[in-house]
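Peer 1: Okay, here's the structure, questions in a sec.
The values are calculated or read from the model by the stated rules, or taken from the named source; none is laboratory data. Treat the numbers as computed from the prediction; the structure is a model and nothing was measured. Here the Cβ is made from the backbone with ideal geometry for all residues, glycine too, and neighbour counts use every protein chain on show. Heads up: the accessible areas ignore ligands, DNA and RNA and are worked out on the full protein's heavy atoms, side chains in. Shrake-Rupley method; radii C 1.70, N 1.55, O 1.52, S 1.80 Å.
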Amino acid sequence: MTNTSVSTAASSPAASTASASSHSQQIVLRMLGAVAFVHMLNDLIQSILPATYPMLKSEFALSFTQIGLITLTFQCTASLLQPCIGLYTDRHPKPYLLPIGMCFTLIGIGMISMVHSFPMLLLSAGCIGIGSSTFHPEASRVARMASGGRYGLAQAMFQVGGNAGSALGPLMAAAIVIGRGRGHMAWFMLFALLAIGVLSVVSRWYATHLQLFKRKSGHQHGPQLSRRRVIGSLLVLASLVFSKFIYMSSLTSYYTFYLIDKFGVPVASAQMYLFLFLAAVAAGTFFGGPIGDKIGRKRVIWISILGVAPFTLAMPYVNDLFWTSVLTVVIGFVLASAFSAIVVFAQELVPNNVGMIAGVFFGLTFGIGGLGAAGLGHIADVAGIAYVYKLCSFLPLLGMLTILLPNMEVRK
């Protein structure tokens, strides 16, 4: 009896520690899943806008240039604010900025469902952009805090939530809005309200664990590279993001028009093909992060950016709808696998400014995408939508710049 008691007493601390460790890990995974889930909701709402472009073009008699300006307003609002918010919150974290920012998204999607002029459409898009700019830097920091050191996997999970939302957006637009009227977009306010509720829980966890995370992290030292080499590497990464997201913008903003123009498919069917492309983007994003943890992020960047060039060069000359869709699925999967690797590579170059780096690179995606959408829209008006894809097909060749990146060992 005594031996049993002693054995039980002796094992209790170990069991308690194991239980505490298990509970802690469960909380971390829950938070990582929560920010990925809200990223899905956030990007689902955002993707409703381009998914309804054909409807908006008809209702407001818009040109392709005006459609590009809507995208430019949304994406530049997000891109200009994100680095500033990231830099500020690196020094002064604001956990409750997450649900506050989502309130702007709620207002923006509500406005889009009821406005009656092009300037008000631009204002609505700007509100959604503000919501995005406050969400991404802080949510990316939460994902890193919850990563357990597997930064590529955590970043991939976070980003794949967004990609999944972008893929689901056109489907839900086709089911809820297309053919039923723009007023039905108000239903998506429910997703914004759900996101606000989840982010309120995340913010409480974030505030509670922030000091513990700071003590564990301490002052991190980046790779042994000169300041000039670090800046040069960041510029190379920015160039790769440029090539990737200009091309991605051509598909997310104008792919439905391309299919309608070249193959005569109806709007609802074009949305389905857009969904297939965006689903491939989500899958590529998910696999790119953990693969980068294992084989190195530079290799993933090589394969993703430059490796997709043969497919982009072939796509404009394929005159079969099936093979066009196959090529765009391959392009989406391969090209998307780079972004997790690029963001984590940049954060490893400047490890004490993870929020600023997240803001810069997420901001670049929005800003470049917005400028690309506006510029490509003008090109489509002047030279035709098919010419856009012939022009953009050369962009992945910029992947050759990857050779200028330093070789950094992946530390487990």
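Peer 1: Taking the condition in contact with a Cys (Cβ under 6 Å, 6 or more places away or on another chain), of a type in the set (Phe, Trp, Tyr) and at pLDDT 85 or above, does Tyr258 pass?
Peer 2: So Tyr258 does not fit the description; no.
Peer 1: Here's a follow-up. For Gly332, state whether it is modelled with pLDDT under 85 and either among the small types (Gly, Ala, Ser) or assigned to a helix (DSSP H, G or I) (or both). Talk me through it step by step, then tell me what you get.
Peer 2: Numbers: modelled with pLDDT under 85: no; either among the small types (Gly, Ala, Ser) or assigned to a helix (DSSP H, G or I) (or both): yes.
Taking the combined requirement at face value, the residue does not satisfy it.
Peer 1: Give the number of residues within segment 277-299 that are surrounded by fewer than 17 Cβ atoms within 10 Å (Cβ to Cβ) and either basic (Lys, Arg) or modelled with pLDDT of 85 or more (or both).
Peer 2: Residues that pass the stated criteria total 2.
Peer 1: Follow-up. Phe245 passes all but one of (1) open to solvent by less than 10 Å² (accessible area, probe 1.4 Å); (2) under 14 Å from the mean Cα position of the chain (by Cα); which number fails?
Peer 2: Among (1) open to solvent by less than 10 Å² (accessible area, probe 1.4 Å); (2) under 14 Å from the mean Cα position of the chain (by Cα), Phe245 violates only (1).
Peer 1: Identify all residues within segment 162-192 that are free of Cβ contacts under 8 Å to residues at least 24 places away in the same chain and of a type outside the set (Lys, Arg); write none if there are none. Can you show your working first?
Peer 2: Going residue by residue through segment 162-192, those that are free of Cβ contacts under 8 Å to residues at least 24 places away in the same chain are 175-176, 180-181, 187, 190.
If the condition is that a residue be free of Cβ contacts under 8 Å to residues at least 24 places away in the same chain and of a type outside the set (Lys, Arg), then Ala175, Ile176, Gly181, Trp187, Leu190 are the ones that fit.
Peer 1: Follow-up. What tally of residues in segment 257-276 results from selecting those that are surrounded by fewer than 24 Cβ atoms within 10 Å (Cβ to Cβ) and either among the polar types (S, T, N, Q) or in contact with a Phe, Trp or Tyr (Cβ under 6 Å, 6 or more places away or on another chain) (or both)?
Peer 2: Number satisfying all stated conditions: 1.
Matching residues to (1) of a type in the set (D, E, K, R); (2) under 30 Å from Arg141 (Cβ atoms); (3) touching a Ser or Thr at 6+ places or on another chain (Cβ under 7 Å); (4) touching a residue at least 60 places away in the same chain (Cβ under 8 Å):
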| residue | (1), (2), (3), (4) |
| --- | --- |
| Met315 | no, no, yes, yes |
| Val318 | no, no, yes, no |
| Leu321 | no, no, no, yes |
| Thr324 | no, no, no, yes |
| Leu327 | no, no, no, no |
| Ile342 | no, yes, no, yes |
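Peer 1: Another question about this same structure. Any chance segment 208-229 includes a residue that's assigned to a helix (DSSP H, G or I), modelled with pLDDT of 80 or more and of a type in the set (A, V, I, L, M)?
Peer 2: no
Peer 1: Something else now. I'm told Ala314 meets every condition in (1) among the aliphatic types (A, V, I, L, M); (2) open to solvent by 30 Å² or more (accessible area, probe 1.4 Å); (3) under 26 Å from Ala164 (Cβ atoms); (4) out of contact with any Phe, Trp or Tyr (no Cβ under 7 Å at 6 or more places or on another chain) except one. Can you identify the failing condition by its number?
Peer 2: (3)
Peer 1: Answer yes if at least one residue in segment 275-298 is among the β-branched types (Val, Ile, Thr), touching a Pro at 6+ places or on another chain (Cβ under 7 Å), part of a helix (DSSP H, G or I) and over 19 Å from Cys392 (Cα atoms), and no otherwise.
Peer 2: We begin by selecting, within segment 275-298, every residue among the β-branched types (Val, Ile, Thr); these are 281, 285, 291, 295.
Now drop any that are not touching a Pro at 6+ places or on another chain (Cβ under 7 Å), which leaves none.
Within segment 275-298, none of the residues are among the β-branched types (Val, Ile, Thr), touching a Pro at 6+ places or on another chain (Cβ under 7 Å), part of a helix (DSSP H, G or I) and over 19 Å from Cys392 (Cα atoms).
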